[in-house]
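The values are calculated or read from the model by the stated rules, or taken from the named source; none is laboratory data. What you see is a predicted model; the values in this text were computed from it and never measured. As a convention, Cβ positions derive from the backbone with ideal geometry for all residues, glycine included, and neighbour counts pool all protein chains shown. With ligands, DNA and RNA removed, areas are computed over all heavy atoms of the protein, side chains included. Shrake-Rupley method; radii C 1.70, N 1.55, O 1.52, S 1.80 Å.
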Amino acid sequence: MRSSLIIGLTFLVALLLSVMPMPSPVDLGRPMWLAMVVAFWVMVMPHRVGLLCAWFAGLATDVLYGELIGQHALVMTLVAWLMLLLYQRIRRFPLWQQSLVMLPVLGLAQLLLLWLNSLAGSRPPILMFLLPAAVSAVLWPWVFSILSAVKRRFHVF
Amino acid sequence: MALTVVSVAFMVVDARLSVLQPLRAQLGMFLMPIYYVAELPVRTWGTVHTQLTSRAELINENERLRAESLLIKRKLQKLATLTEQNVRLRELLNSSSLVDERVLVAELIGVDPNPFTQRIMINKGEHDGVFLGQPVLDATGLMGQIVEVMPFNARVLLLTDVSHSLPVQVNRNGLRAIAAGTGNNEWLELRHVGDTADIRVDDILVSSGLGQRFPAGYPVGRVVSIEQDPAQPFAEVKVAPTAQLNRSRYLLLVFSPESGYGDLLPALSLEADQDAAPIVQTPAVSNETDEAQAPVGGQPDAQ
């Protein structure tokens, strides 16, 4: 019960960070906080956090962003699914190698988001869309360390 | 797999129908506090700033505001007679009278995190009478329109969003055009303006009211550059919006009889008779005093 609460709380913080106001040019590289948190929990505890959790987290993002319902839900499901495929290998990697793996995973998520967005007709198809994935991959070691610390501190199992 | 199907189904349904609106509104009600919390540091800084403003600064500001108010009052005196004259002339012409709109002050609570759209969140929603397509202004001009209404919040699409355009006319000669958003919050562009059209740099553009969405006569922008390329069929006209799209903290929601949905509000029919004293605009909702005061109190952080 308590561990679900802690996990939910990290999701909430990620949502908060993803709507935090940022100055205009930096905005383009806003890290994919929620995707990273989803990836972390799926990787560390695939028995607790799975596709459904990711889907609901994505739904919350859709409502917050005011985009088509299901758009981010689909993207988050993709991230969770990729992590479910990869977690047994990634867990054994050192942090910097994990970062390298996160780059294509999050990049794929961004690509899917770009496709969905251009279907909805509101996004210029420029290469800039990969920037958030790159920034997130760079931030991954820190996010991972912080979340593992949280996990250890509050005995989430 | 099932989740993918559900997501895709949701997207299609959401794009084509409005069945999912209640779900969105209800979820929105729980999730919108996140925007409040995210804006908290900015707000706190604003409060601290107001608390710590020095006395001299306050006196200065007070004086400046007094002078400004004097100037505006002088203009208003003229406006009263002009408005009456206008109404009388319109009566002579048998045309529909120009009704003054009611406004409601709203506060910005968040900016859309997606850098490719130009949208903002405000702290007024369905409970305050906000409706879909309602025009939004700030102190200096037209800002945009409401695109999503939640119980206590609403989302505003700014003029500069790529998917937004509105009918305008040149204030000097009444030339009509369409001002389309560019996705950059400092530019609008005029679509389909002929090379020979009588439009100059520094011309003021006002809303023409032809789209039945925005009330006529509000300033939209100022022409900053005109490029005439012989290879192109139309001139490329760049317009800088007069509203401070990325700075305004307090916005005005207009309840206008002209905007298409206005007649849904029964209260407005009363307003139609009161042409005589159109100077004082009252916010449409009951707790008007503190809302009307809000912009004055928030002046320091708006600068």
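Things to note:
- Cα coordinate range in the range B:14-70, projected on the principal axes (Å, largest first): 56, 29, 14
- Divide the volume of the convex hull around the Cα atoms of the range B:128-193 by the residue count and you get 108 Å³ per residue.
- Of the trypsin sites (Lys or Arg not before Pro) found in the range A:89-151, the ones in coil according to DSSP and having at most 14 other Cβ atoms within 10 Å of their Cβ are A:R91, A:R92.
- Cα Rg over Rh - the range B:82-226, Kirkwood: 1.01
- Accessible area per residue (1.4 Å probe, heavy atoms of protein chains only) ranks B:L89, B:L137 as B:L89, B:L137, with the largest value leading.
- For the range A:1-148, the Kirkwood estimate of hydrodynamic radius, built from reciprocal distances between every pair of different alpha carbons, is 15.3 Å.
- Degrees, to the nearest 10: A:71-90 long Cα axis against longest axis of chain A: 40
- Hull volume in cubic angstrom per residue (convex hull over the Cα atoms of the range B:165-241): 81
- Label-to-label distance for B:A56 and B:V19 is 6.7 nm, based on points extended 7 Å past Cα in the beta-carbon direction.
- Efficiency of FRET between B:S69 and A:R152 - r from beta-carbon atoms, R0 51 angstrom, step 0.05: 0.25
- Considered as an equivalent ellipsoid built on the Cα gyration tensor, the range B:1-159 has semi-axes of 39, 28, 11 Å, the largest given first.
- Accessible solvent surface per residue of the protein assembly as shown, calculated while the other protein chains remain in place, 1.4 angstrom probe, Å²: 52
- Placing one equal scatterer on every Cα of the protein assembly as shown and applying the Debye formula, the log10 ratio I(q)/I(0) at q = 0.09, 0.10 Å⁻¹ is -0.71, -0.85.
- Note on B:F234 and A:L127: with the Förster distance fixed at 35 Å, the Cβ-Cβ geometry gives a FRET efficiency of about 0.75.
- 20 Å cut-off, amide nitrogen to a point 7 angstrom out along A:R91 Cα→Cβ, residues in the range A:18-50: A:36-50
- Share antiparallel - DSSP beta bridges, the range B:165-241, percent rounded to 5: 100
- The listed residues B:I146, A:I6, once ranked by accessible area (1.4 Å probe) with the largest placed first, stand as A:I6, B:I146.
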